[in-house]
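Down below is the structure, laid out as structure tokens.
Any read-out appearing in this document is the output of simple, stated calculations on the displayed coordinates, not a laboratory observation. Predicted model only: the values in this text are computed from it and were never measured. Glycine gets a Cβ as well: all are built from the backbone with ideal geometry, and neighbour counts include every protein chain shown.
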Amino acid sequence: MKKFLSLGLMIAGLATGVFGVDYSKMSNDELINQSGTFAPKEALSYLGEISKRMQTMSAQEMREFRFKLKEARLKAEESMIVKDLRERNAMICQELQKAPSEDHFLRKFAKRYCKQTKKERVQKAY
């Protein structure tokens with residue numbers, strides 16, 4: 001089951017890499033459903049769209065949106081093989097390091113995300 005899920009995610013990632021995804025045309029619910037499953041190459045456009053949407057939300061809406069994003073990401077990642085998850089996180093970290101310096105949200109998210117990924121790699125070494 002896990003192999004089929006991993007294969008499905010890899011095929012979906014390749015398909016979105018070839019055709020690209022326009023996250024600006026998606027609803028908030030569709031973006032939430034993409035959390036944890038978007039292709040690592042699409043990390044900047046996905047998180048950039050999340051950033052734009054959160055700037056227009058009230059504090060309560062933002063909390064609910066972030067909670068739903070986290071829940072969807074955790075649900076998607078719980079069925080992934082640890083090796084695949086670590087590789088995915090490393091690829092996302094590489095993409096996030098390409099973030100434009102003007103986008104405060106992406107810089108902050110990249111710093112926190114890459115730091116967490118680095119800690120996981122260090123713990124694995126010991």
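Points to keep in mind about this one:
- Links that overshoot a 22 Å alpha carbon limit, given the list LYS70/LYS108; LYS41/LYS98; LYS41/LYS83; LYS52/LYS98; LYS52/LYS75; LYS75/LYS108: LYS52/LYS75; LYS75/LYS108
- Highest average packing first - 80-90, 59-69, 34-44, Cβ atoms within 10 Å: 34-44, 80-90, 59-69
- In plain terms, the chain from LYS108 to MET62 could stretch by 14.9 nm, reckoned as 0.36 nm per residue minus the Cα-Cα distance.
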